[in-house]
Amino acid sequence: MGAKGDPNGGDRVQPPPRKDAKPKPHYHGHRARLRERFLRDYGAAMEDYELLELLLTLALPRVDVKPIAKALLERFGDFADVIAADPKDLQQVKGISENGVAPIKLVQAAALRFSKQQVANAHVMSSWDKLMDYLHAAMGREKVEQLRLLFLDNKNRLIADEVQQIGTVNHTPLYPREVMKRALELHASALIIVHNHPSGDPTPSRDDIQMTYDLRDAAKKLGIVLHDHIVIGKGDYTSFKSTGLL
């Protein structure tokens, strides 16, 4: 009499496993656990490398990304340094291609847009802490000097935020005539100069001070107020107005 459930009266034999079946990768299920942990507190309790792992899974679905995440941190420092790194430098890390660069730079773009929109429609001078957060995110980790101009209306609201010049590791030229021309085009009533020091030390140089006075004098002739010159370092800044230099 055949085994129960076998309409042919014979014993049902399970087929042997296929010899060519590939074993599941050792990280199988790890990504799901990472997502679950992230959703508990949106990453607050996760290590930097774990956040990078989860981020890289978006672009590298069939790769063990933990070694890549740790290599990125070893090369650049912390999570913020990785996000701010130059795309060409990121691709020097084994396993990172343009596909891997895209989600990393997307996070940076999202963070900058969020920070900028916090001050976009506000009175800039009364939203100082938010402005500093944005400027540090935008410029604090740049490897060369970058000069940014914030053009304001007569209520000190932001009209335009423009990178005027990109220089070398320790010098960025500024041409007052070009700045004034742009201010008039935008019908700006005031402006703020911002530039970074890649060394991380926000102490103004003599050239920084002289450049500020030249621009202040040119602006004054046109009835435009130079509110401040801010020098951004890594985690710190100097305000010409606060230190009595302006």
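The values are calculated or read from the model by the stated rules, or taken from the named source; none is laboratory data. Quantities reported herein were computed from a predicted structural model and do not represent experimental measurements. Every residue, glycine among them, receives a Cβ derived from its backbone with ideal geometry; neighbour counts consider all protein chains shown.
Name the residues in region 228-246 that are aromatic (Phe, Trp, Tyr) and part of a loop (DSSP other than H, G, I, E, B), would you? Even if it seems obvious, please write down each step before you answer.
Keep residues of region 228-246 that are aromatic (Phe, Trp, Tyr), which gives 237, 240.
Result: 240, single match.
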Exercise. Could you grab me the full set of residues in region 109-164 that are within 15 Å of the chain's Cα centre (by Cα), more than 22 Å from residue 179 (Cβ to Cβ) and free of Cβ contacts under 8 Å to residues at least 24 places away in the same chain?
Key: 109, 110, 113, 114, 115, 117, 133
Exercise. All but one of (1) more than 17 Å from residue 131 (Cα to Cα); (2) touching a strand residue (DSSP E or B) at 6+ places or on another chain (Cβ under 6 Å); (3) assigned to a loop (DSSP other than H, G, I, E, B) hold for residue 202, so report the exception by its number.
Key: (1)
Quiz prompt | Hits in region 13-57 - residues which are within 27 Å of residue 82 (Cα to Cα) and at pLDDT below 55 | solution = 26
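Would you say residue 58 is under 29 Å from residue 36 (Cβ atoms), loosely packed, with under 15 Cβ neighbours inside 10 Å, free of Cβ contacts under 8 Å to residues at least 12 places away in the same chain and not assigned by TED's automatic domain parsing to the domain that holds residue 223? Please lay out each step first, then the result.
Numbers: under 29 Å from residue 36 (Cβ atoms): yes; loosely packed, with under 15 Cβ neighbours inside 10 Å: yes; free of Cβ contacts under 8 Å to residues at least 12 places away in the same chain: no; not assigned by TED's automatic domain parsing to the domain that holds residue 223: yes.
Criteria not met by residue 58.
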Quiz item: Within the bounds of region 83-97, is there any residue that is surrounded by 21 or more Cβ atoms within 10 Å (Cβ to Cβ), within 15 Å of the chain's Cα centre (by Cα), outside any helix (DSSP H, G or I) and at pLDDT 90 or above?
Solution: yes
Quiz item: Does region 215-246 hold any residues that are farther than 16 Å from residue 182 by Cβ and among the aliphatic types (A, V, I, L, M), and which are they?
Solution: 230, 231, 232, 245, 246
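A quick yes/no check of all residues on (1) crowded, with 16+ Cβ neighbours inside 10 Å; (2) not hydrophobic (A, V, I, L, M, F, W, C):
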| site | (1), (2) |
| --- | --- |
| 133 | yes, yes |
| 149 | yes, no |
| 159 | yes, no |
| 163 | no, no |
| 189 | yes, yes |
| 194 | yes, no |
| 203 | no, yes |
Practice problem: With the condition kept exactly as written, say whether any residue in region 182-198 is under 27 Å from the mean Cα position of the chain (by Cα), assigned to a loop (DSSP other than H, G, I, E, B) and under 24 Å from residue 115 (Cβ atoms). | Solution: yes
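Just checking, does region 5-12 include any residue being modelled with pLDDT under 60 and of a type in the set (Lys, Arg)?
Filtering region 5-12 for residues modelled with pLDDT under 60 gives 5-12.
Keeping just the survivors that are of a type in the set (Lys, Arg) gives 12.
Among the residues of region 5-12, at least one is modelled with pLDDT under 60 and of a type in the set (Lys, Arg), which makes the answer yes.
Only residues that are among the acidic types (Asp, Glu) and either more than 21 Å from residue 154 (Cα to Cα) or surrounded by 17 or more Cβ atoms within 10 Å (Cβ to Cβ) (or both): list them for region 211-243, please.
Pass one, region 211-243, residues among the acidic types (Asp, Glu): 214, 217, 228, 236.
Answer for region 211-243, where residues must be among the acidic types (Asp, Glu) and either more than 21 Å from residue 154 (Cα to Cα) or surrounded by 17 or more Cβ atoms within 10 Å (Cβ to Cβ) (or both): 214, 228, 236.
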Quiz item: If you check residue 127 against the conditions, is it of a type outside the set (A, V, I, L, M, F, W, C), over 30 Å from residue 89 (Cβ atoms) and buried (at least 18 other Cβ atoms within 10 Å of the Cβ)?
Solution: yes
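Looking at 236, 207, can you tell me which residue is modelled with pLDDT under 95 and under 30 Å from residue 83 (Cα atoms)?
Values: 207 fails: under 30 Å from residue 83 (Cα atoms).
Checking each option against the conditions leaves just 236.
Taking region 141-161 as the region of interest, how many residues are within 16 Å of residue 119 (Cβ to Cβ) and not in a strand (DSSP E or B)? Steps first, please.
Taking region 141-161 and keeping what is within 16 Å of residue 119 (Cβ to Cβ), we get 148-153, 155-161.
Next, from what is left, pick out any that are not in a strand (DSSP E or B): 153, 155-156.
Summing the residues that are within 16 Å of residue 119 (Cβ to Cβ) and not in a strand (DSSP E or B) in region 141-161 gives 3.
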